[in-house]
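Chemist: If you scroll down you'll find the structure; I have some questions about it.
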Amino acid sequence: MKKILAVLIFIFTSFNLSAQANSASRYLYKFSPLAEIIIRNLGMEDKNANGVIDNDVGAGANEGYEGFIEKYGNADIGFTINGITQGANNGILEENEIVNYYYLNIRFKYPEETAIIDKEIKAYIYANNLPLVWLDDEKGTVMEAVTKVLGEGWNEKQVTEDEAVNLLNRALNGIKIRARQGIPSKNGGYYNLPELIKNKSGYCFEVAQFGFWFFSELKINSVSAWTSLTSSENHEVIRLSSGRIVDYYDSSKPYNIPAGRWQNTNPLLSLAEYYKAAAKINTKNSAQLFEQAALYDKYNLNCIALLMYEYYNGNKPDYSEIIAIGEFILKNIDQEKVKTSGHREAKHNLNSVRSILDASYWYK
């Protein structure tokens, strides 16, 4: 057993992008390491190495698209990114579609797959020293704090959705979590989950990650979700598989946000957001941190634009690499929808990608 675990850790570690400087483009056409764990254990394989699961009709790839949908349901429903919904009913399963669908519709409903996936994801994160954005540390810092408030065995009972939300509020109130103020990149970045507990304060992002961990312990499917409250203020909450929005700070209450305006942010995308904030602070390692952000959120124009800009302004820019990254994002998003969406930040990021790409063509 120890030998098998050692081999798994070696395989996991070999995927760690942070050791590969300026090499992001070759990872964009692959599933991220954590997504690959989910995909493999749900019976799929990217045999033609194009970073998606193709259906047999369109590509004859025999990658498991049809078998997945037959067993688990139709995940080819698109995903929201850059202010638009893309990828719906296009005959392929993109990473975001699969991961969103897994956490909202498969996890806990299929105990065997869930146990294996959770175990492998946890092993990968611990082995590669990834930030514990939504995981407890190996000492059980988060569990210990919650148990002090709720009592032993709080996570061993089957509870209703209402009871689970009440327990969440009791836990956060009992730990005395207060709201953090200011811009994360100017305030030390985001706390990881154990740090949230130790510091007893957090942004909505960090509290949403706590909520994901908490509902996971109760075997209730959830993801985090965000929306723009104003032109300058975003807000993140927890979304249950029923569609219910759980907002501990109640910041969204005065705005009456329609359900369709909440954009799902699965744990992998949350990891990318954490890396992105860290990169804006840690300028010495910003390139590697932006690489990790792009690895876990590769369809995000902001992640890609920041990475391209970082490479472009380096000491010895690799223009071929910058071009490869820029061409990937332009090929894999619906540019026309972005341009007409009214989403200002996405349009700005699209223009940034094009500008850096044009300059890189010229210098190359």
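Laboratory data are not the source of any read-out in this text; all were calculated from the coordinates shown. Remember, predicted model here, so these are calculated numbers, not experimental data. Here the Cβ is made from the backbone with ideal geometry for all residues, glycine too, and neighbour counts use every protein chain on show.
Chemist: Work out Dmax and Rg for region 81-221 from the C-alpha atoms and quote the Rg first, both in angstrom.
Modeler: Cα radius of gyration and Dmax of region 81-221 are 16.6, 49 Å respectively.
Chemist: May I ask for the longest run of the chain untouched by GluC sites (Glu not before Pro) that are loop-located per DSSP and have at most 16 neighbouring C-beta atoms (other than their own) within 10 Å?
Modeler: In the chain, the maximal stretch lacking such sites is 234-364.
Chemist: In whole Hz, with x marking every Gly and Pro, tabulate ³J(HN,Hα) for region 342-349 from phi via Karplus 6.51 cos²θ - 1.76 cosθ + 1.60, θ = phi - 60°.
Modeler: My calculation for region 342-349 gives x, 8, 4, 4, 5, 5, 4, 5 Hz in order.
Chemist: Expressed as an acute angle from 0 to 90° and rounded to the nearest 10, what is the orientation of the C-alpha long axis of helix 319-332 relative to the principal long axis of the chain?
Modeler: That helix lies at roughly 60 degrees to the long axis.
Chemist: Got a sec to turn the phi values of region 120-137 into Karplus ³J(HN,Hα) couplings, 6.51 cos²θ - 1.76 cosθ + 1.60 with θ = phi - 60°, whole Hz, x for Gly and Pro?
Modeler: 6, 5, 4, 4, 5, 5, 5, 5, 9, 6, 6, x, 7, 5, 10, 10, 6, 7
Chemist: Here's another thing I want to ask about it. Please list, in chain and number order, the residues 5+ apart from Leu132 or on another chain whose amide H is under 5 Å from its amide H, with Hs placed from the backbone.
Modeler: Here the answer is Leu193, since their amide H atoms fall under 5 Å of that of Leu132.
Chemist: Between Ile238, Val223, Ala259, whose Cα lies farthest towards the positive end of the dipole of region 222-364 when Lys and Arg beta carbons carry +1 and Asp and Glu beta carbons carry -1, centred on the Cα centre?
Modeler: Looking along the dipole axis, the top candidate is Ala259.
Chemist: Given that just one value was derived from the coordinates, which of (i) 27.3, 89; (ii) 31.4, 105; (iii) 20.2, 64 is Rg and Dmax of the Cα atoms in Å?
Modeler: Recomputing Rg and Dmax of the Cα atoms in Å here gives the entry labelled (iii).
Chemist: Separate question: Could you work out the helix-only [θ] at 222 nm for the chain, with each DSSP H run of four or more residues adding -39,500 (n - 2.57) and the total divided by the number of residues, to the nearest 500 deg cm²/dmol?
Modeler: Calculated mean residue ellipticity at 222 nm is -15500 deg cm²/dmol.
Chemist: On to the next question. Would you work out if region 26-139 is rounded, prolate or oblate? Take a ≥ b ≥ c from the square roots of the eigenvalues of the alpha-carbon gyration tensor; rounded if a/c is under 1.5, else prolate when a/b is larger than b/c, oblate otherwise. Don't jump to the answer; show the numbers that get you there.
Modeler: Numbers: a/c = 1.67, a/b = 1.54, b/c = 1.08.
Prolate is the answer for region 26-139, as a/c is 1.5 or above and a/b outweighs b/c.
Chemist: Which whole-Hz ³J(HN,Hα) couplings does region 24-32 yield from phi under the Karplus relation 6.51 cos²θ - 1.76 cosθ + 1.60, θ = phi - 60°, glycine and proline marked x?
Modeler: Calculated HN-Hα couplings, in order: 5, 4, 6, 9, 6, 9, 10, 6, 5 Hz.
Chemist: Based on DSSP, what percent of beta bridges with both residues in the chain are antiparallel, to the nearest 5?
Modeler: So the antiparallel bridges amount to about 90 percent of the total.
Chemist: Considering just Cα atoms, how many Å³ per residue does the convex hull of region 141-265 enclose?
Modeler: Residue-normalised Cα hull volume stands at 102 Å³.
Chemist: Tell me, what is the Rg over Rh of region 282-363, with Rh the Kirkwood radius over Cα pairs? Please report the intermediate quantities before stating the final value.
Modeler: Numbers: Rg = 12.3 Å, Rh = 12.8 Å.
Using Cα coordinates only, the ratio equals 0.96.
Chemist: Please tell me the relative contact order of region 141-265 in percent, rounded to the nearest whole number, where contacts are Cα pairs under 8 Å and at least six residues apart. Numbers along the way, then the final one.
Modeler: On the way: 146 pairs, mean separation 25.1, N = 125.
Reported as a whole number, the value is 20 percent.
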